[in-house]
1. If you go through the stretch 302-317 one residue at a time, do you hit one that is at pLDDT 95 or above, in contact with an Asp or Glu (Cβ under 7 Å, 6 or more places away or on another chain) and among the β-branched types (Val, Ile, Thr)?
2. Between a residue in the stretch 39-65 that is in contact (Cβ under 8 Å) with a residue 12 or more places away in the chain and any residue that is among the polar types (S, T, N, Q) and assigned to a strand (DSSP E or B), which pairs come within a Cβ distance under 8 Å, given they are 6 or more apart or on different chains?
3. Looking at Glu102, Glu20, Glu52, can you tell me which residue is under 28 Å from Val306 (Cβ atoms), touching a Pro at 6+ places or on another chain (Cβ under 8 Å) and of a type in the set (Asp, Glu)?
4. With Ser99, Ser169 as the choices, which residue is out of contact with any strand residue (DSSP E or B) (no Cβ under 6 Å at 6 or more places or on another chain), of a type in the set (S, T, N, Q) and in contact (Cβ under 8 Å) with a residue 40 or more places away in the chain?
5. Among the listed residues Leu250, Leu266, identify the single one that is crowded, with 23+ Cβ neighbours inside 10 Å and more than 16 Å from Leu177 (Cα to Cα).
6. Restricting the search to the stretch 286-306, which residues are small (Gly, Ala, Ser) and closer than 11 Å to Leu37 by Cα?
7. Of all residues in the stretch 282-299, how many are touching an Asp or Glu at 6+ places or on another chain (Cβ under 7 Å), in contact (Cβ under 8 Å) with a residue 60 or more places away in the chain and crowded, with 23+ Cβ neighbours inside 10 Å?
8. Looking at the stretch 124-168, which of its residues are under 13 Å from the mean Cα position of the chain (by Cα) and in a loop (DSSP other than H, G, I, E, B)?
Amino acid sequence: MRLIRTDRFLEHDPGPGHPEHPGRLAAIYRDLDARPLAGTEFAAPRKASDEEITRVHTADHLRVIEATRGIASSRLDSDTTTSAASAEAARLAAGAMLSAVEQVMSGESHGAFALVRPPGHHAEVGAAMGFCLYNNVAVAAQFALDHLGVKRVVIVDPDVHHGNGTQHSFYDRKDVLYISSHRYPFYPGTGWFDEVGVGRGEGYTVNLPMPGGMGDADFLHLYRRVVDPIVAAFEPELVLVSAGFDTWKLDPLGGMAVTERGFRELFGVFAGWAERHCPGRIALALEGGYDLAGLVNGVRAAVESVTGDEVAERSGAAPGGLDPIDFLDVGVRTRDVAERAHAALARYWPT
């Protein structure tokens with residue numbers, strides 16, 4: 001598995017006290033250097049070109065981001081700020097996901113993880129938003145569809161915040177199945193059950209809005225009971241993951257209760273989709289996660305889930321010899337989410 005990284009991502013600095021600070025990624029890099037993971041190797045990203053970025057974003061948006069080059073601080077929205085090096089970091093972040101997709105589609109790597117900043121899933125077609133400049137996963141999905149012969153892409157987004165930008169990028173499309181589990185009501189205010197797509201894309205957006213406090217069994221119940229049959233029917237040729245870890249039990253922005261073990265099994269579900277439908281063709285992009293311990297543990301668990309032989313759906317057992325999390329042992333609130341999702345999606349998918 002390729003882990004795509006560069007210290008240039010650390011040069012994007014939104015300013016003192018900002019939750020999306022360089023120390024997040026520095027902590028991940030230190031952990032991976034100190035405790036290397038078997039089956040992984042590091043690789044450098046390439047830059048995304050103007051043409052690759054504007055397959056998703058407007059030319060005006062590209063100009064706005066590029067205009068921040070060399071400027072100490074530019075505010076793009078209420079919580080999205082750039083520094084002098086942010087435009088370059090953002091172009092490399094989008095390029096890192098392009099590199100990841102190229103490598104898994106060519107068979108050069110069995111899975112890839114773009115360890116990037118700034119994150120991307122809130123970035124709209126024409127606007128930066130929610131710490132995000134370019135939508136790294138959306139740019140990669142469009143590139144795979146345009147240039148790599150891919151016909152069907154699954155994008156799964158388990159970040160605690162709904163990926164409004166990714167949803168809107170493909171809302172009228174049937175070649176991208178977008179799936180998001182997220183806290184609701186919560187920033188950015190989108191992602192209700194009835195947001196299922198429009199036109200040819202109707203039914204190809206799956207939202208799982210969840211109340212706060214949900215933990216390991218809740219997430220696994222929803223992904224196995226609601227999402228797994230939909231992915232099986234869609235038969236993806238590429239699995240992309242907006243890998244957010246702000247559902248961690250101690251995350252200061254999240255309000256959820258996922259543990260390291262939960263991350264391991266949840267990302268094992270995503271790896272299992274790739275194993276069943278498109279072996280090796282899974283690429284992850286780092287999104288949120290604002291407690292350093294949760295971020296480090298989550299990334300390690302996600303990588304082990306993609307590289308481990310014993311993971312998730314392939315065997316049905318939890319990694320490391322643990323008993324699997326009993327995803328049937330969930331409360332009324334989780335069952336309510338599942339029932340409402342079933343009701344919203346029943347006309348489109350077997351659920």
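1. No, every residue in the stretch 302-317 fails to be at pLDDT 95 or above, in contact with an Asp or Glu (Cβ under 7 Å, 6 or more places away or on another chain) and among the β-branched types (Val, Ile, Thr).
2. Ile65/Thr82
3. Working: Glu102 fails: touching a Pro at 6+ places or on another chain (Cβ under 8 Å); Glu52 fails: touching a Pro at 6+ places or on another chain (Cβ under 8 Å).
Exactly one of Glu102, Glu20, Glu52 is under 28 Å from Val306 (Cβ atoms), touching a Pro at 6+ places or on another chain (Cβ under 8 Å) and of a type in the set (Asp, Glu), namely Glu20.
4. Details: Ser99 fails: out of contact with any strand residue (DSSP E or B) (no Cβ under 6 Å at 6 or more places or on another chain).
Going through Ser99, Ser169 in turn, the sole match is Ser169.
5. Details: Leu250 fails: crowded, with 23+ Cβ neighbours inside 10 Å.
Residue meeting the stated conditions: Leu266.
6. Start the filter on the stretch 286-306 by keeping residues that are small (Gly, Ala, Ser), which leaves 288-289, 293-294, 298, 301-302, 305.
Answer for the stretch 286-306, where residues must be small (Gly, Ala, Ser) and closer than 11 Å to Leu37 by Cα: just Ala301.
7. Of the residues in the stretch 282-299, 3 are touching an Asp or Glu at 6+ places or on another chain (Cβ under 7 Å), in contact (Cβ under 8 Å) with a residue 60 or more places away in the chain and crowded, with 23+ Cβ neighbours inside 10 Å.
8. Asn135, Pro158, Asp159, Val160, His161, His162, Gly163
The values are calculated or read from the model by the stated rules, or taken from the named source; none is laboratory data. Note that the structure is a prediction, hence the values are computed from the model and not measured. Backbone-built Cβ (ideal geometry, glycine too); neighbour counts: all protein chains shown.
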